[in-house]
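Student: I'd like to ask you about the structure that follows.
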Amino acid sequence: MAQEKMEEQVRQFCDAWQDLNMIYEDYARSINVPYTSLYILSLITRTENCTQKTICEKTFLPRQTVNTIITGFYKKRWVTLEEMPEDRRSKVIHLTKAGKEFADQVIPQIWKAELQAMEKLTPEQRKALLEGIRIYRKAFQSAMLPNGKE
């Protein structure tokens with residue numbers, strides 16, 4: 001019985017997580033931008049000296065996917081790429097004026113909604129949510145990696 005309850009709670013958590021992702025997907029669709037592109041654009045706006053490598057590391061997206069999206073941004077003139085002096089193969093991604101204007105139109109809506117949602121929780125609920133997610137993530141990562149390594 002306890003195992004069945006735990007399995008149901010895992011299903012509920014996964015369903016809730018999927019529902020949250022669908023909200024982001026729906027928003028991206030409403031502004032006519034693929035979700036992955038919106039996610040990367042948001043990451044660029046909040047990451048200093050952002051490179052494609054940084055994006056891959058933070059998103060776990062394949063290099064080819066990230067490169068395709070950044071190339072698309074470059075063709076739209078939303079970004080410029082600046083070689084890093086210490087590693088000329090790496091390029092820092094900078095938003096252009098047009099890229100910043102677009103990001104300023106669409107990204108704050110996400111941040112505002114996230115903030116409004118978090119404000120619906122009490123300070124104790126926020127703390128419990130964040131602590132629970134942190135513990136769950138760490139335990140899940142440990143269980144998924146070979147030999148339980150982190």
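Student: Add +1 for every Lys or Arg and -1 for every Asp or Glu among the other residues with Cβ under 13 Å from the Cβ of G132, and state the total.
Tutor: Charge balance in the 13 Å sphere: +3.
Student: What pairs from K53/K75; K58/K97; K5/K112 go past 27 Å between their alpha carbons?
Tutor: K5/K112
Student: Helix 2-30 against the longest principal axis of the chain: what's the angle in degrees, Cα atoms only, rounded to the nearest 10?
Tutor: Tilt relative to the chain: about 30 degrees.
Student: For the residue pair A128 and D15, what label-to-label distance in nm results when each label sits 7 Å from Cα along the Cα-to-beta-carbon direction?
Tutor: 2.1
Student: Describe numerically, in nm with one decimal, the distance between label points set 7 Å from Cα along Cα→Cβ at Y35 and at E86.
Tutor: 3.5
Student: What angle do you read, to the nearest 10 degrees and between 0 and 90, between the alpha-carbon axis of helix 97-119 and the longest principal axis of the chain?
Tutor: 10
Student: Can you give the FRET efficiency to the nearest 0.05 for T47 and M6, using r as the Cβ-Cβ distance and R₀ = 35 Å?
Tutor: After rounding to 0.05, the efficiency reads 0.40.
Student: Roughly how many whole Å is it from the C-alpha centroid of segment 39-104 to that of segment 127-147?
Tutor: With segment 39-104 and segment 127-147 each reduced to a Cα centre, they are spaced 29 Å.
Student: Next question, about the same structure. Taking the alpha-carbon distance from K127 and a cut-off under 19 Å, which aspartates and glutamates remain once sequence neighbours fewer than 8 residues away in the same chain are dropped?
Tutor: The reachable aspartates and glutamates, counting only those whose Cα sits under 19 Å from K127, are E114, E119.
Student: May I pose another question? Can you find, among S37, T96, T71, the residue sitting farthest towards the positive end of the charge dipole of segment 32-134, where Lys and Arg contribute +1 and Asp and Glu -1 at Cβ?
Tutor: Value: T71.
Student: Kindly express, to the nearest 10 degrees and within the range 0 to 90, the angle between helix 35-45's C-alpha long axis and the longest C-alpha principal axis of the chain.
Tutor: Tilt relative to the chain: about 70 degrees.
Readers should treat all values here as calculations from the given coordinates under stated rules, not as data from a laboratory. Being a predicted model, the structure only gives us computed values, none of them experimental. Don't worry about glycine lacking a Cβ; one is built from the backbone with ideal geometry, like all the others, and counts go over all protein chains shown.
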